[in-house]
1. Which value in nm describes the separation of the simple spin-label points at residue 143 and residue 83, placed 7 Å from the Cα toward the beta carbon?
2. For the stretch 17-124, just say rounded, prolate or oblate: build the C-alpha gyration tensor, square-root its eigenvalues into a ≥ b ≥ c, call rounded for a/c under 1.5, and beyond that prolate if a/b exceeds b/c, oblate if not.
3. Using alpha-carbon positions, what is the distance between the centroids of the stretch 61-84 and the stretch 88-105, in Å?
4. On a full-extension model of 0.36 nm per residue, what is the gain between residue 117 and residue 98, subtracting their alpha-carbon distance, rounded to one decimal in nm?
5. State log₁₀ I(q)/I(0) for the stretch 71-149 at q = 0.17 Å⁻¹ as given by the Debye formula over alpha-carbon point scatterers of equal weight, solvent excluded.
6. Would you please put 31-42, 46-57 in order of how densely packed they are, using the mean number of other Cβ atoms within 10 angstrom per residue and starting with the highest?
7. Using 17 Å as the cut-off for backbone N distance, which residues of the stretch 89-103 belong to the label zone defined by a point 7 Å from the Cα of residue 133 along Cα→Cβ?
8. If Lys and Arg each add +1 and Asp and Glu each add -1, what is the summed charge of the other residues whose beta carbon sits under 15 Å from the beta carbon of residue 57?
Amino acid sequence: MNRRHVSALLSVALLLVGSASAHAAECLPTARQAWIRLPPSPAMPMMAGFLRIDNACAKAAEITGADSLAFSEVSLHESRQVDGVNKMRELETLPIAAGKSVEFKPGGLHLMLYKPYAPVKEGDKPVITLKLKDGRSLPVTFEVRKAAP
């Protein structure tokens, strides 16, 4: 291989390494206070998950879904009162503005967790991965509790 080929290969390698490290250095929202309410009966096929997501990034983020190896399905939901009646609806996406936070809490935003693959007990720590519109993901460890922390 001549000197020109070696130089070209090194240039390409540096571009690839620089691109990978730039992607890795991109700001990612953070999650905290993640918990799942223990259902009143182990036979319950669904549960609710709650957490706080902080977006300290300079750009807005958008959650487009979630999944978990612990549950057959995970979806974003919102409960709100409409004409004096509590209504729940599934959300397609959840935007989080730059520098803002979103709180998933009972009676508001929450994750619906369907059909756990194994019985869930207090103290379990399943991981739920939030999917972002830009293709990245945010794995979050939740703690199963009887009541809100």
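We did not get these values from a lab; they are worked out from the coordinates using the rules stated. A quick note: this is a predicted structure, and the numbers were derived from the prediction, not measured. Reconstructed Cβ throughout: ideal geometry from the backbone, glycine too, with neighbour counts over all protein chains shown.
1. Roughly 4.2 nm, to one decimal.
2. Verdict is oblate for the stretch 17-124.
3. Their Cα centres are 9 Å away from one another.
4. Result: 3.3 nm gained on full extension.
5. -0.85
6. Highest mean packing first, the order is 46-57, 31-42.
7. 91-102
8. Taking every other residue near residue 57 into account, the sum is 0.
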